[in-house]
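Enquirer: This is the structure I want to talk about, given as structure tokens.
The values are calculated or read from the model by the stated rules, or taken from the named source; none is laboratory data. Everything quoted here is computed from the prediction, not taken from an experiment. Here the Cβ is made from the backbone with ideal geometry for all residues, glycine too, and neighbour counts use every protein chain on show. Note: accessible area is taken over every heavy atom of the protein model, side chains too, but ligands, DNA and RNA are not part of it. Shrake-Rupley method; radii C 1.70, N 1.55, O 1.52, S 1.80 Å.
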Amino acid sequence: MTSTVDTILDDAVGTFEGETRLSILKSLFNECRNSTEIARREAQRDIDYYHDIQWTDAELKELARRRQPPVTMNVIKDKIESICGVEEQSDTSPKAWARTPNSEQAAEVATDTLRYVCDGERFAKHRIDVLRDMLIAGTGGAIVEVVPNKLGSFDIKIRKLRWETLVYDPFSRETDFSDARYLGSAIWMNSEDVIAMYGEASREAVEGALDDSGLAEDGGESYSDRPIGSVWSDRKRNRVLIVELYHIEAGIWMHSIFTGAGVISSQESPYRNADGEPTCPIELASAYVNRDNERYGVVRSMLSAQDEINHRRSKMLHLLNTRQTYRKEGSIAANDPQTLRRELNKPDGDIVLARTAEWGKDIGIIPTSTEFAGQAELLNDARRFIDKQGANNALMGRGSEHQSGRAILAQQQAGLQTLATLFSGYNDWILRIYRQIWARARQFWQAPMWVRVTDDIGSPKFIQINEPVVDAIGTPLINPQTGLPIMRNRIAKMDVDLIVDRVVASANLQDEMFKELISLVKASGLGATPQVLSALIASSPVRAQVKRQLMQAIQVQGQPDPQQQQLVLRKALAEIAKEEAYAMKYGASAMKDQAEARKTMLKNVPDELDVAVLMQQLQAFQAAQNDKIEQSILANES
């Protein structure tokens, strides 16, 4: 029997032949290629700066002519990696909230399901890679899709898209591409792999693409194959360019796959959104968009300062390694200026002056200290400018060794303020990925399956989604209205709100507070009581799971021992007997009445009575009768 899911995927795969369809799809790709070529070249330059390629060929030739060393101090990479490092330390995970009071269980199941997918797909790594693309190239993203597994179900996959393969609507002006008419990617594949992936229906399109006739148009450098690029095909290496595109036609999202020579498939998108409508599974985000719709990252604003740092550093080193001299004609013995220069550059150089020449008057070195100081000051200005771009020294762990945790945390937060807009878009991208995952799960996970939840260390738990409800003998219960099995935790019917649960790492501040609390406890002389231990554990920087385990251990340890309770009870009864004897000897009738009253109070005491309650009753009785006892004793002694 074919399931609804199988039908959906079968309907989404097919061959749509015709030159008109191919022309339309290629026009979309060419539109993106031509309109974004300048932005892509600038993005490639930004990436080169990140990878230490910061001198042009013309600049290197000029430096070689001057015998000036090329110096590259890559502060851009330090900035980018420090920002990514701070983000990687933060705890970011999906969280589902119930929309109604009766949906709390559904929210927990949704949260566990999303975290299960994210952990399995290493989304923590993918999101850092996307953030790095946003910071450098300007745009990053991923696609959330499904693939069949061996169990007859589907696995949800998060595939990170490389920035240079992205195909998007160049007229989109929003950083989240919410106004884009099409999104996709263009990747190079071996022709045999394409046929194996898409079937024999793709053979004609692949073989046609390998025919170079009519396909020699410029595809743009970023879309070229690596390491040696071509346009649509490379017959020598048997590789073709495959474009996968999600595009809107008549208000409906379509999914098309094509080469330069033919369409492999073109059908309605197989993926559905929360309203059950065809949707695009690709989520992209850009750091910034200028007025020409060119997308760029944080690196763009650092290029000029990075160039200044490199050039001035190289110039300063050149000034230290060279000497400028002045001399009168005939002031050196050999009258050879080249010999003079060589000897000045040697650490043990020997300069022979003419007999009548005087050093410092007839011959000498032109001082460059003023020029060197000016170069150093401008170099520091350039470094200070870059220091303000997104990440300060505190974020990179420099210069904060003797500062308090509060001061370090304040500096780290201030360092990220300049990137608030970028991180807002980045967090929105993460939320959109979570929504795509939940939409895939609701659509394709219809059969019973187990989801592992690893919140507690060493004690993973499992929840079952789409769990059939059975009777006492194991027979599935059927809904009489629908005729379908009754299921528990059916995610297709769950309606929840998703958020990004983010906890920024604040170890410095928490460690400092914990140390202060330890010092306070030591100074106060408080013992290791359960109350003190509980307060210390709650303030400690250990993980929440470890805290819960320690709290449970303290509670178990703090419970009273039944045998100890019996000993305390017997001791209390012995004290009562002792007071009775004292009353018989000194207390007369008042003391005796008190003892009788105590015996009456304890007459029906059970063996397992709480010792604390018993002691409270004894203390209250003692306080009430204290005056009468003293009066009786004083009367007998007189």
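Enquirer: Answer yes or no as to whether residue 301 is among the small types (Gly, Ala, Ser) and open to solvent by 20 Å² or more (accessible area, probe 1.4 Å). Break it down into steps so the answer makes sense when it comes.
Expert: Numbers: among the small types (Gly, Ala, Ser): yes; open to solvent by 20 Å² or more (accessible area, probe 1.4 Å): yes.
Yes: the conditions hold for residue 301.
Enquirer: Mind listing whichever residues of the range 236-267 are more than 20 Å from residue 197 (Cβ to Cβ) and out of contact with any Cys (no Cβ under 8 Å at 6 or more places or on another chain)?
Expert: 236, 247, 248, 249, 250, 251, 252
Enquirer: Let me ask something else about it. Show the residue pairs that are 6+ apart or on different chains and have beta-carbon atoms under 7 Å apart, the first residue being within the range 285-308 and within 12 Å of residue 75 (Cα to Cα), the second being modelled with pLDDT of 90 or more and part of a loop (DSSP other than H, G, I, E, B).
Expert: Once the first residue is within 12 Å of residue 75 (Cα to Cα) and sits in the range 285-308, its partners that are modelled with pLDDT of 90 or more and part of a loop (DSSP other than H, G, I, E, B) give 306/54.
Enquirer: Related question: Evaluate the following for residue 119: is it over 22 Å from residue 246 (Cα atoms), assigned to a helix (DSSP H, G or I) and modelled with pLDDT under 95?
Expert: Values: over 22 Å from residue 246 (Cα atoms): yes; assigned to a helix (DSSP H, G or I): yes; modelled with pLDDT under 95: yes.
For residue 119, the condition - over 22 Å from residue 246 (Cα atoms), assigned to a helix (DSSP H, G or I) and modelled with pLDDT under 95 - is met.
Yes/no per residue for (1) open to solvent by less than 20 Å² (accessible area, probe 1.4 Å); (2) in contact with a Lys or Arg (Cβ under 6 Å, 6 or more places away or on another chain):
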| site | (1), (2) |
| --- | --- |
| 143 | yes, yes |
| 155 | no, no |
| 173 | no, no |
| 180 | yes, no |
| 192 | no, no |
| 206 | yes, no |
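Enquirer: Is it the case that the range 89-98 has a residue that's among the basic types (Lys, Arg), farther than 30 Å from residue 122 by Cα and either within 29 Å of the chain's Cα centre (by Cα) or surrounded by fewer than 16 Cβ atoms within 10 Å (Cβ to Cβ) (or both)? Give the steps one after another, and end with the answer.
Expert: Just the residues of the range 89-98 that are among the basic types (Lys, Arg), to begin with: 95.
Pick out the ones that are also farther than 30 Å from residue 122 by Cα and you get none.
No; the residues of the range 89-98 include none that is among the basic types (Lys, Arg), farther than 30 Å from residue 122 by Cα and either within 29 Å of the chain's Cα centre (by Cα) or surrounded by fewer than 16 Cβ atoms within 10 Å (Cβ to Cβ) (or both).
Enquirer: Hey, residue 276 hits all of (1) more than 25 Å from residue 132 (Cβ to Cβ); (2) assigned to a helix (DSSP H, G or I); (3) free of Cβ contacts under 8 Å to residues at least 12 places away in the same chain but one; which does it fall short on?
Expert: Checking residue 276 against (1) more than 25 Å from residue 132 (Cβ to Cβ); (2) assigned to a helix (DSSP H, G or I); (3) free of Cβ contacts under 8 Å to residues at least 12 places away in the same chain, the one that fails is (2).
Enquirer: Further question on the same structure: Quick one: in the range 31-74, of everything that is among the polar types (S, T, N, Q) and part of a loop (DSSP other than H, G, I, E, B), which residue is farthest from residue 317 (Cα to Cα)?
Expert: Start the filter on the range 31-74 by keeping residues that are among the polar types (S, T, N, Q), which leaves 34-36, 44, 54, 56, 68, 72, 74.
Still in the running and part of a loop (DSSP other than H, G, I, E, B): 36, 54, 56, 68, 72, 74.
Details: 36: 40, 54: 18, 56: 19, 68: 8, 72: 12, 74: 17 Å.
By that ranking, first place goes to 36.
Enquirer: Oh, and also: Using beta carbons and a limit of 6 Å, which pairs, at least six apart or on different chains, have the first residue in the range 50-77 and closer than 20 Å to residue 132 by Cα and the second one surrounded by fewer than 13 Cβ atoms within 10 Å (Cβ to Cβ) and modelled with pLDDT of 90 or more?
Expert: Once the first residue is closer than 20 Å to residue 132 by Cα and sits in the range 50-77, its partners that are surrounded by fewer than 13 Cβ atoms within 10 Å (Cβ to Cβ) and modelled with pLDDT of 90 or more give 74/52.
Enquirer: Any chance the range 415-429 includes a residue that's part of a helix (DSSP H, G or I), modelled with pLDDT under 85 and either closer than 30 Å to residue 271 by Cβ or open to solvent by 60 Å² or more (accessible area, probe 1.4 Å) (or both)?
Expert: Just the residues of the range 415-429 that are part of a helix (DSSP H, G or I), to begin with: 415-429.
Of the ones still in play, those that are also modelled with pLDDT under 85 are 415-420.
With the extra rule that they be either closer than 30 Å to residue 271 by Cβ or open to solvent by 60 Å² or more (accessible area, probe 1.4 Å) (or both), the set shrinks to 417-418.
Yes, the range 415-429 contains a residue that is part of a helix (DSSP H, G or I), modelled with pLDDT under 85 and either closer than 30 Å to residue 271 by Cβ or open to solvent by 60 Å² or more (accessible area, probe 1.4 Å) (or both).
Enquirer: Just one of (1) buried (at least 22 other Cβ atoms within 10 Å of the Cβ); (2) within 19 Å of residue 45 (Cβ to Cβ) trips up residue 132, so point out which.
Expert: (1)
Residue-by-condition table, conditions (1) of a type in the set (Ser, Thr, Tyr); (2) under 53 Å from the mean Cα position of the chain (by Cα); (3) surrounded by 18 or more Cβ atoms within 10 Å (Cβ to Cβ); (4) part of a strand (DSSP E or B):
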| position | (1), (2), (3), (4) |
| --- | --- |
| 283 | no, yes, yes, yes |
| 293 | no, yes, no, no |
| 307 | no, yes, no, no |
| 318 | no, yes, no, no |
| 323 | no, yes, no, no |
| 326 | yes, no, no, yes |
| 341 | no, no, no, no |
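Enquirer: Then there's this: Of everything in the range 477-495, what is part of a loop (DSSP other than H, G, I, E, B) and either surrounded by 11 or more Cβ atoms within 10 Å (Cβ to Cβ) or in contact with a strand residue (DSSP E or B) (Cβ under 9 Å, 6 or more places away or on another chain) (or both)? Give them in sequence order. So that I can check it myself, show each step before the final result.
Expert: Of all residues in the range 477-495, those part of a loop (DSSP other than H, G, I, E, B) come to 477, 479-484, 486, 489-490, 494-495.
Matches in the range 477-495: 477, 479, 484, 486, 489, 490, 494, 495.
Yes/no per residue for (1) more than 23 Å from the chain's Cα centre (by Cα); (2) assigned to a strand (DSSP E or B):
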position	(1), (2)
129	no, no
142	no, yes
150	yes, no
159	no, yes
171	yes, no
183	yes, yes
187	yes, yes
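Enquirer: May I pose another question? Which of the residues belonging to the range 353-387 are part of a loop (DSSP other than H, G, I, E, B), open to solvent by less than 60 Å² (accessible area, probe 1.4 Å) and aliphatic (A, V, I, L, M)? Lay out the reasoning, then the answer.
Expert: Within the range 353-387, the first condition is being part of a loop (DSSP other than H, G, I, E, B), and the residues that meet it are 354-358, 360-362, 366-368.
Adding the requirement that they be open to solvent by less than 60 Å² (accessible area, probe 1.4 Å) leaves 354, 357, 360, 362, 368.
Listed by number, the residues that qualify are 354, 357.
Enquirer: I've got another one for you. Enumerate the pairs (first residue in the range 103-114 and over 13 Å from residue 93 (Cβ atoms); second residue anywhere and surrounded by 20 or more Cβ atoms within 10 Å (Cβ to Cβ) and not hydrophobic (A, V, I, L, M, F, W, C)) with beta-carbon separation below 8 Å, excluding pairs fewer than 6 apart on the same chain, so at least 6 apart or on different chains.
Expert: The qualifying pairs are 105/489; 106/489; 109/489.
Enquirer: Listed residues 300, 295, 226, 237; which is at pLDDT 90 or above, charged (D, E, K, R) and more than 30 Å from residue 498 (Cβ to Cβ)? Break it down stepwise before answering.
Expert: On the way: 295 fails: more than 30 Å from residue 498 (Cβ to Cβ); 226 fails: at pLDDT 90 or above; 237 fails: at pLDDT 90 or above.
After applying the criteria, what remains is 300.
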